[in-house]
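The values are calculated or read from the model by the stated rules, or taken from the named source; none is laboratory data. Model, not experiment: these values are computed from the prediction. So basically every Cβ, Gly included, is an ideal-geometry build from the backbone, and we count neighbours across all protein chains shown.
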């Protein structure tokens, strides 16, 4: 479904479900609702929804919904930073990483059995890390490294890897953050020209990246959010909507 179809179906559903009192929405507002709905559904598709919907890869439907967003990145860039321990290193990761699915590091060692070996990486909180380092059975070893999340070094988004042996390569499979759905060039649109408006830093027409299987779910959710905003314009409804994209 292209952006024209997104706009047409949004307006049709909005007009049918809403009422004559429903405020008209410009292209920028529709784009915001579509982008917000897309983000909500991606997060739901990844994490699942209690017993009603399985999480990512829990069934074929879930795999198809997010398959367009699954990417692989290989990083050999080691960036100096303020490390938590002396033997940790930082690897640059793509800025669009949303959820990490699988990760491994390649080792460099004088031990021929370990040199070039890929080992699993276990994501760990800083509190868990402190406990792990005191426990010989939970510390990094020849089969496992630990990953700590670090926001950035300069303009680079990074992760900190703690390993007993030197990691020289970080292999990452992840779900990327989808681009916004923008149905018009914001700056050239008469309603929004000159206002400097963007959605996730973008202001030109942007097609939906997700599998077409989920497109109408995005539209339905976007219309639901728009109608809630004008029918229940109160703090409680805002909190309910915002809680779905946290």
- prompt: Can you spot a residue in region 85-92 that is closer than 30 Å to residue 65 by Cβ and in contact (Cβ under 8 Å) with a residue 24 or more places away in the chain?
  reply: yes
By residue number, the members of region 69-89 that are crowded, with 17+ Cβ neighbours inside 10 Å and within 21 Å of the chain's Cα centre (by Cα) are 69, 73, 75
Residues in region 129-164 that are in contact (Cβ under 8 Å) with a residue 12 or more places away in the chain, touching a helix residue (DSSP H, G or I) at 6+ places or on another chain (Cβ under 7 Å) and surrounded by 16 or more Cβ atoms within 10 Å (Cβ to Cβ) total 2
Matching residues in region 165-188 (part of a loop (DSSP other than H, G, I, E, B) and surrounded by fewer than 17 Cβ atoms within 10 Å (Cβ to Cβ)) number 3
(1) modelled with pLDDT of 95 or more; (2) more than 17 Å from residue 2 (Cα to Cα); (3) in contact with a helix residue (DSSP H, G or I) (Cβ under 7 Å, 6 or more places away or on another chain) all hold for residue 198 apart from (3)
The residue that is nearest to the chain's Cα centre (by Cα), considering only those in region 165-207 that are free of Cβ contacts under 8 Å to residues at least 40 places away in the same chain and under 17 Å from residue 97 (Cα atoms), is 179
